[in-house]
Every structure is written in structure tokens, then in C-alpha cells.
Amino acid sequence: MSGTELIWSHWTQLEEVIDASANTPGGSKAATEPVTTEPRYVLRPWYQRVGLITGQVTMSAGLIVLLFTARMRIVRRLYVIPSSRLIPNSPTAKLVKSPNDRFLLVQSVLHLRDEGKIHPLSECQLQLGDQDDELDILINGSGIKYWLKMEDASILGDKKAVWPAKEALYKVWYGRAGKRLMAKDGWTKQDAV
């Protein structure tokens with residue numbers, strides 16, 4: 001039985017039943033007052049039940065949207081793509097400003113095999129996560145923040161431990177300057193301990 005069915009069929013209120021046939025003959029004032037019998041439970045009015053059902057369905061839909069939105073921020077696969085690999089005349093190809101531009105393809109747990117979200121890498125920022133085995137990807141200007149778990153991560157086809165995986169991803173992300181930028185941004189080996 002669902003919550004809405006329970007509310008519609010069984011949400012009751014206590015009601016006292018007045019028994020008009022129990023009046024005493026004689027016309028006295030006491031005789032004209034109705035006599036109450038045992039109280040009983042009756043269904044609440046339909047508008048009260050509909051209001052509560054509407055609230056319950058709305059809250060459930062909001063919770064589902066919240067969970068799906070949160071799940072879309074968990075990265076399953078991540079690709080750094082050079083602009084030369086983009087399909088010509090595609091909407092993403094129109095974002096190319098120079099031949100050296102690179103793009104980030106993010107596949108979350110809700111994307112199917114050949115789907116994902118593409119962002120220019122110049123608008124993406126790689127950050128340390130809340131825990132040692134996490135990284136955050138912040139998309140500048142949009143406020144989107146992806147969460148990337150580095151435990152058992154595979155970088156360029158090789159499974160790596162947490163710190164080497166972070167280091168390899170940082171080098172792919174920023175290129176040759178990666179090692180210098182890692183020290184500048186405060187990424188040290190102590191972060192992995």
C-alpha cells in the first residue's frame with residue numbers, strides 16, 4: 001500500500017455521533033437536547049486528503065530531482081580531448097578559439113556509454129577534494145563542481161595508486177608545466193598521506 005493510498009483511504013478524524021431518536025417524550029428542555037453516543041472515526045474531507053497527497057507527491061519529486069542532480073556530479077570517466085579530435089561543424093567545434101584548445105569530456109554515472117558533457121579545458125579548474133583520495137573539477141562561470149574519486153583510478157590506461165594517479169592527471173591536465181604548478185598550488189606528497 002502506498003502512502004497516497006493510505007492517506008486517501010484511511011486518514012480519519014474522530015467524530016461524535018448524535019442520536020436524535022433518544023429524546024425523551026414530554027417536551028422538556030432536556031428532551032429536546034440530542035444525546036451523543038460513542039464517538040467513531042470517519043474519513044477526513046476530500047480536500048484535506050488531496051492537499052496532503054499533493055504535498056507528499058511534490059516532496060517526493062523534489063527529493064528525486066535532488067538525488068539525480070547530486071549523482072550527475074560524480075565522475076565515472078574523464079577525457080581530455082584536443083580540438084583536432086572534435087567533429088567539424090558540431091556545437092562544441094564552434095567553441096574552438098585556437099588549434100591548441102583542449103576540451104574536457106565528463107561522463108557521470110547517469111550518462112550512457114557514448115554520452116557526456118563537454119567543457120573547454122580553459123574554463124575548468126582541478127582542485128584537491130575534501131578527502132585525500134578525491135579531486136574536484138570546478139567549471140568557471142557556471143558553478144558546476146564535479147567530484148572525482150582517485151582510488152583505483154586508471155590514467156592513460158594504467159591503474160595507479162592515489163598519489164601517482166593525481167600526479168598523472170595533473171600532468172595531463174596542465175601539460176609540461178604540471179610539476180611546477182603542483183608545487184605552486186600546494187599539491188605535495190604529504191596530501192596523499
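Residue under question is K145, and the condition is that it be assigned to a strand (DSSP E or B) and at negative phi; does it hold? Judged against the criteria, K145 is a match. Might you check whether a residue that is modelled with pLDDT under 80, assigned to a helix (DSSP H, G or I) and in the same structural domain as Q125 (by TED's automatic domain parsing) occurs anywhere in segment 161-175? Checked against the condition, which is being modelled with pLDDT under 80, assigned to a helix (DSSP H, G or I) and in the same structural domain as Q125 (by TED's automatic domain parsing), segment 161-175 yields at least one hit. In segment 125-138, the residue that is farthest from G175 (Cα to Cα) out of those that are free of Cβ contacts under 8 Å to residues at least 40 places away in the same chain and part of a strand (DSSP E or B) is E134. When you scan segment 51-66, do you find a residue that is surrounded by 11 or more Cβ atoms within 10 Å (Cβ to Cβ), in contact with a Leu (Cβ under 9 Å, 6 or more places away or on another chain) and in contact (Cβ under 8 Å) with a residue 24 or more places away in the chain, even just one? Taking every residue of segment 51-66 in turn, none turns out to be surrounded by 11 or more Cβ atoms within 10 Å (Cβ to Cβ), in contact with a Leu (Cβ under 9 Å, 6 or more places away or on another chain) and in contact (Cβ under 8 Å) with a residue 24 or more places away in the chain.
The values are calculated or read from the model by the stated rules, or taken from the named source; none is laboratory data. Treat the numbers as computed from the prediction; the structure is a model and nothing was measured. Positions of Cβ are generated from backbone atoms using ideal geometry, with glycine treated the same way; all protein chains shown enter the neighbour counts.
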